[in-house]
Amino acid sequence: MEKILVIGAAGQLGSELTKSLSDLFGGENVIATDLQEVARVKFGYCRFEVLDVMNKEALRDLVKEEKVSQIYHLAAVLSATGEKNPLFAWHLNMESLLHVLELAKEFKLDKVYWPSSIAVFGPNTPKVNTPQYCVKEPNTIYGISKQAGERWCEYYFQKYNVDVRSLRYPGLIGYKSLPGGGTTDYAVDIYHKALAGEKFNCFLREDSYLPMMYMPDAIKSTLDLMSAPRESVKIRSSYNLSAMSFSPKEIYQSILKHIPDFKIEYNPDFRQAIADSWPDSIDDSCARADWGWKPDYDLDRMTADILKNLPDFYPSKK
Ligand code: AKB
């Protein structure tokens, strides 16, 4: 029986992935961990422990005592926050990954999952249909740490046979929890403002294209990759992954079809430079060929689903 440890479980991805893992493996076999005790309320369906991934001994004790067999390491400082304190972002993103990889080696864990990002690409990368293998010169500390992390993952796989798997997520969009500190976060916030009847102040230009993905597709891709036979997972750095690509103007127009009086204003800030350094769209043919990846949602389908379900967070708008 697998015993799953989720690190950074209360974040945007973790909040939904932990639930899916509990549905698959049983809540008694999933340990959700996060920095803050207040996160416990989110995890009525599985076990919860407070854990600082930087505390290597506490992490080691938990893995040993609970006979953990798989780790999903989701804790990270994202792109926009990372630029405010680069040394801290580097320290947290790299040290935590190394703690996890070392434990995977020591305890011969079955599998490790670690998310990478489109942030590994940089201004010299081909912008359209960015291939799996191409120039990567990221110029954010988040991207640099993800690029280095990918190399570490492949290193641990090749040298120590650690079965580590990874995806380069595009911007993730969900309505069940809020992201924190990313450049693609505008595409989550915009739905909240539209539903609250407020004008949206967009921190990117109207024509700034970025690769994006709806959360159900992100969960599906992660579970598909993790359940794929070992020999099908041919890329051990991280897989390109794609679902849709749109600009702020296009997501606005998609929302207008449901909320015709919604208003937007564009005031690009420092995050514009980050967005400009990332691809417009991604070629994920390796993921499709190796383990059968195929997304379910495009922009309009996602918008309809979010606007149908988000009112649960705003009961007065139902
Ligand atoms: C961010 O915007 O920093 C993240 C990412 C693309 O990895 N959502």
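Here's a check for you: in region 6-34, which residue that is of a type in the set (Asp, Glu) and more than 12 Å from the chain's Cα centre (by Cα) is farthest from Leu62 (Cα to Cα)? The selected residue is Asp23. Looking at region 153-163, can you tell me whether even one residue there is crowded, with 18+ Cβ neighbours inside 10 Å, among the β-branched types (Val, Ile, Thr) and either within 19 Å of Val77 (Cα to Cα) or within 16 Å of the ligand (Cβ to nearest atom) (or both)? No, region 153-163 contains no residue that is crowded, with 18+ Cβ neighbours inside 10 Å, among the β-branched types (Val, Ile, Thr) and either within 19 Å of Val77 (Cα to Cα) or within 16 Å of the ligand (Cβ to nearest atom) (or both).
Checking the structure you have, find out if any residue of region 10-33 is aromatic (Phe, Trp, Tyr) and in a loop (DSSP other than H, G, I, E, B). No, every residue in region 10-33 fails to be aromatic (Phe, Trp, Tyr) and in a loop (DSSP other than H, G, I, E, B). Residue check: is Ile118 within 18 Å of Ser285 (Cα to Cα) and among the aliphatic types (A, V, I, L, M)? So Ile118 fits the description; yes. Among the candidates Val135, Val68, the residue that is among the aliphatic types (A, V, I, L, M), within 26 Å of Ser242 (Cα to Cα) and not in a helix (DSSP H, G or I) is uniquely Val135. Residues in region 26-80 that are aliphatic (A, V, I, L, M) and within 16 Å of the ligand (Cβ to nearest atom): Leu74, Ala75, Ala76, Val77, Leu78, Ala80. Only one of the numbered conditions (1) open to solvent by 10 Å² or more (accessible area, probe 1.4 Å); (2) free of Cβ contacts under 8 Å to residues at least 40 places away in the same chain is violated by Met54, and that is (2).
Only residues that are in a loop (DSSP other than H, G, I, E, B), more than 9 Å from the ligand (Cβ to nearest atom) and open to solvent by less than 10 Å² (accessible area, probe 1.4 Å) were counted in region 167-210, giving 3. If you go through region 77-86, how many residues are open to solvent by 40 Å² or more (accessible area, probe 1.4 Å) and either in contact (Cβ under 8 Å) with a residue 12 or more places away in the chain or in contact with a helix residue (DSSP H, G or I) (Cβ under 8 Å, 6 or more places away or on another chain) (or both)? The qualifying residues number 4. Filtering region 122-152 to residues that are more than 16 Å from the ligand (Cβ to nearest atom) and among the charged types (D, E, K, R) leaves Glu137, Arg151.
The values are calculated or read from the model by the stated rules, or taken from the named source; none is laboratory data. Since the structure is predicted, the reported quantities are computational estimates derived from the model, not experimental observations. Here the Cβ is made from the backbone with ideal geometry for all residues, glycine too, and neighbour counts use every protein chain on show. Accessible surface areas use protein heavy atoms only, side chains included; no ligands, DNA or RNA. Shrake-Rupley method; radii C 1.70, N 1.55, O 1.52, S 1.80 Å.
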